[in-house]
Amino acid sequence: MAGLLVLNFCIIHLAPGDPVIALGGEHGDAAYYAFLRARFGLDRPLPEQLLTYVANVLRGDLGTSFVLGRSVASVIAERLPATLLLVSTALVLSSVAGVGLGTLAARYRRRPADIALNTAALLGYATPSFWLGQIALIALAVGTGLFPVQGMTDARNPQTGLAHLMDVFHHLALPAIVLAVNELALTTRLVRTGLLEAFGADYVRAARAKGLSESHVIRHALRNVMLPIITVIGSRAGMFLSGAVLVEVVFAWPGLGRLLLSSLLSRDYPVLLGMFLIISIGVILANLITDLAYARLDPRIRYQ
Amino acid sequence: MLALGPRVSESRKRLFRLLHNGAGRIGVVLTSGLLAVALLAGWIAPADPFVSVGPPLRSPTLAHPMGTDDLGRDVLSGVVYGTRTSLLLAVVVSLLTGAIGIIVGSLAAWQGRRTDDALMRVTEFVQAVPRFFLAVIVIALFGPGLDRLILLLGLTSWPWIARVVRAEVLSLKQREFVEAARSLGAGHLRILFRQVLPNALPPVVVVVSLSAASVILIEAGLSFLGLGDPDVVSLGYLANNAQRFLRVAWWMAAFPGAAIALAVLGLNLLGDGLNDVLSPRGGH
């Protein structure tokens, strides 16, 4: 965490261009530059600036957006729920469906269902999410009109209450499915491989010998198989979020991805840096949660 | 001096086995096909990807098998040159990450506990940094360019490789043939480079090919956000351009994305196949 703050600080300082010139114009006089430097604390030694920066971040102060004139923290907080909704829906989808499909593939090993699932998983894992989004848009939204093309709600037909909720879900379906595909493919493959390995293990043979039904045996094995899979899913948090950003851009989903794109276009550096910090912290938290989940599920691991 | 370890020059036999492995065969065919496209881009592409050669937004025809874009540029030429950019990036970044990963991994395993601990902390830190977003920030602040993208991805993609190298070297350095080389009076560097590293390479090759696939995906994503190098055509740039014309020109989106998917699929399958062939367990 501390390393990230220092990295972020270094990026800011290594970036070309003097912020004083950006603020005061190219033709200001030396006294004015000195005033600006003193006002923003840029005349202090670097370690002191770093301490100030860290203290500000710890107080939740990420600076002020150049373009929107509001605090970066509030701008990000406004967009965060939409991204969280998209990401969590996709994660639930990919995990539940991935375990189901992986189990199916393992049960029907080397049969047509397994081969079809395996091929689909290989293709799904290789497909860039933004391209899948574009194709889904062309085929399903523009082509058949089954799904809305853009946004989170229908702007021409604002709804309230339950209808509003349904409207959001209708808009959410396509981006969430598209975002889920990569993880779904990976989870399916991992579950299949894990189950096949488990089927050869002694405890599964013992369970079968006891006369347990096949679904009981699989439930038994899945608990063990899921441990390494949770680690893999957790370690891909960064990849998953970058996929979310791209999918948001394709579907004009009003989350962090849209904010990232608009901040890029308007060169709103404080917002960009704030987002990088928040996302990095999110990734670290995801890793932490993974470790804790691992410890909860595996009685052999205990954190003191 | 005698090479004491298991012979590494089995490469021909291994290639043979790779070609007889389902995933490996498709991976080899796809990857070498795309490499050929990249190397022969100048001959394959019908036109300069930046030059307008026909009417704008024309759907695929014989003259323009993948159609034309909003400025009348040939999409096929864009895809061919874009593939070259993606693969060039993947190869250079792989060389860089391979080098860093091998150096860090073998130092960590070869030197004492302290070096190991320190290097592994660094590795964990770099692994925790979200590469894609770091690239977004750096390009936004420093401006786009293939050179800095290579440097950035090279400097952030090595932890996985370093971990694999470390694990391999740790297990190899206890083996008898290393003992034998040591007793023959071979120096540290000689043992490391002649005996240990060649035997540690197979799993590294697998990881490198998988990481090359992720590099291609990251570059495509960055270019899709408009952060690619404006002086070279890339597949992500074409997809970005297609976004505004999704309703009218499906071909602008379909073909560049398919090329990315094929490249990634090829490298993933190659990695899977190599894993089956090279790992001791996968020998059927």
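Key figures for this structure:
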{"read-out": "Qualifying positions in segment A:215-239 - within 14 Å of chain B (Cβ to nearest Cβ) and surrounded by 22 or more Cβ atoms within 10 Å (Cβ to Cβ)", "value": "A:237, A:238"}
{"read-out": "Residue check, residue A:115 within 30 Å of residue B:23 (Cα to Cα), of a type in the set (Val, Ile, Thr) and without any contact (Cβ under 8 Å) to a residue 40 or more places away in the chain", "value": "yes"}
{"read-out": "Only one of B:153, B:192 that is within 30 Å of residue B:228 (Cα to Cα) and aliphatic (A, V, I, L, M)", "value": "B:153"}
{"read-out": "Residues satisfying the stated conditions in segment B:236-253, i.e. assigned to a helix (DSSP H, G or I) and touching an Asp or Glu at 6+ places or on another chain (Cβ under 7 Å)", "value": "B:236, B:241, B:252"}
{"read-out": "Residues located in segment A:133-142, provided they are crowded, with 22+ Cβ neighbours inside 10 Å and either more than 9 Å from chain B (Cβ to nearest Cβ) or in contact with a helix residue (DSSP H, G or I) (Cβ under 6 Å, 6 or more places away or on another chain) (or both)", "value": "A:133, A:134"}
{"read-out": "Residue within segment B:112-119 that is surrounded by fewer than 24 Cβ atoms within 10 Å (Cβ to Cβ) and within 14 Å of chain A (Cβ to nearest Cβ) present", "value": "yes"}
{"read-out": "Residue in segment B:75-85 that is of a type in the set (D, E, K, R), crowded, with 20+ Cβ neighbours inside 10 Å and touching a residue at least 40 places away in the same chain (Cβ under 8 Å) present", "value": "yes"}
{"read-out": "Matching residues, segment B:237-256, being within 7 Å of another protein chain (Cβ to nearest Cβ) and either more than 13 Å from residue A:133 (Cβ to Cβ) or in contact with a Pro (Cβ under 6 Å, 6 or more places away or on another chain) (or both)", "value": "B:239, B:247, B:250"}
{"read-out": "Counted residues, segment A:118-135 - those being in a helix (DSSP H, G or I), in contact (Cβ under 8 Å) with a residue 60 or more places away in the chain and not polar (S, T, N, Q)", "value": "8"}
{"read-out": "So residue A:151, is it part of a helix (DSSP H, G or I) and among the small types (Gly, Ala, Ser)", "value": "no"}
{"read-out": "Test: residue in segment A:213-223 that is touching a residue at least 60 places away in the same chain (Cβ under 8 Å), of a type in the set (Lys, Arg) and out of contact with any Gly (no Cβ under 7 Å at 6 or more places or on another chain)", "value": "yes"}
{"read-out": "Boolean, residue A:88 is buried (at least 17 other Cβ atoms within 10 Å of the Cβ) and in a helix (DSSP H, G or I)", "value": "no"}
{"read-out": "Options A:212, A:265, A:292: the member that is surrounded by fewer than 16 Cβ atoms within 10 Å (Cβ to Cβ), within 13 Å of another protein chain (Cβ to nearest Cβ) and modelled with pLDDT under 90", "value": "A:265"}
{"read-out": "Residue B:68 being free of Cβ contacts under 8 Å to residues at least 40 places away in the same chain, crowded, with 21+ Cβ neighbours inside 10 Å, of a type in the set (Val, Ile, Thr) and within 19 Å of residue B:249 (Cβ to Cβ)", "value": "yes"}
{"read-out": "Which numbered condition residue A:87 fails, given (1) more than 23 Å from the chain's Cα centre (by Cα); (2) modelled with pLDDT of 75 or more", "value": "(1)"}
{"read-out": "So residue B:7, is it exposed (fewer than 13 other Cβ atoms within 10 Å of the Cβ), part of a helix (DSSP H, G or I) and modelled with pLDDT under 75", "value": "no"}
{"read-out": "Within segment A:164-193, considering residues that are among the small types (Gly, Ala, Ser) and modelled with pLDDT of 90 or more, the one surrounded by the most Cβ atoms within 10 Å (Cβ to Cβ)", "value": "A:180"}
{"read-out": "Within segment B:11-53, considering residues that are in contact with an Asp or Glu (Cβ under 8 Å, 6 or more places away or on another chain) and not in a loop (DSSP other than H, G, I, E, B), the one surrounded by the fewest Cβ atoms within 10 Å (Cβ to Cβ)", "value": "B:23"}
{"read-out": "Residue check, residue A:206 surrounded by fewer than 21 Cβ atoms within 10 Å (Cβ to Cβ), more than 11 Å from chain B (Cβ to nearest Cβ) and farther than 29 Å from residue A:90 by Cα", "value": "yes"}
{"read-out": "Members of segment B:219-230 that are more than 8 Å from chain A (Cβ to nearest Cβ) and in contact with a Gly (Cβ under 8 Å, 6 or more places away or on another chain)", "value": "B:219, B:222, B:223, B:228, B:229"}
{"read-out": "Yes/no for residue A:246 being under 18 Å from the mean Cα position of the chain (by Cα) and farther than 21 Å from residue A:5 by Cβ", "value": "yes"}
{"read-out": "Of all residues making up segment B:181-228, the number that are without any contact (Cβ under 8 Å) to a residue 12 or more places away in the chain and either closer than 28 Å to residue B:243 by Cβ or of a type in the set (Phe, Trp, Tyr) (or both)", "value": "1"}
{"read-out": "Residues (touching a helix residue (DSSP H, G or I) at 6+ places or on another chain (Cβ under 6 Å) and among the aliphatic types (A, V, I, L, M)) located in segment A:250-272", "value": "A:250, A:256, A:259, A:260, A:261, A:264, A:271, A:272"}
{"read-out": "Out of A:55, A:73, A:34, A:30, sole residue that is touching an Asp or Glu at 6+ places or on another chain (Cβ under 8 Å), at pLDDT 70 or above and over 26 Å from residue A:264 (Cβ atoms)", "value": "A:34"}
{"read-out": "Members of segment B:133-155 that are surrounded by fewer than 23 Cβ atoms within 10 Å (Cβ to Cβ) and within 15 Å of residue B:213 (Cα to Cα)", "value": "B:150, B:154"}
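Per-residue answers, yes or no, for (1) under 23 Å from residue B:268 (Cβ atoms); (2) of a type in the set (Val, Ile, Thr); (3) modelled with pLDDT of 85 or more; (4) touching a helix residue (DSSP H, G or I) at 6+ places or on another chain (Cβ under 9 Å):
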| site | (1), (2), (3), (4) |
| --- | --- |
| B:12 | no, no, no, no |
| B:17 | yes, no, no, yes |
| B:44 | no, yes, no, yes |
| B:61 | no, yes, no, no |
| B:64 | no, no, no, yes |
| B:83 | yes, yes, yes, yes |
| B:104 | no, yes, yes, yes |
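For (1) at pLDDT 70 or above; (2) outside any helix (DSSP H, G or I), each residue gets a yes or a no:
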site: A:13; (1), (2): no, no
site: A:17; (1), (2): no, yes
site: A:68; (1), (2): yes, yes
site: A:77; (1), (2): yes, no
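The values are calculated or read from the model by the stated rules, or taken from the named source; none is laboratory data. The shown structure was predicted, so the numbers you read here are calculated from the model rather than taken from an experiment. Using ideal geometry, Cβ is built from the backbone for each residue, glycine included, and neighbour counts are taken over all protein chains shown.
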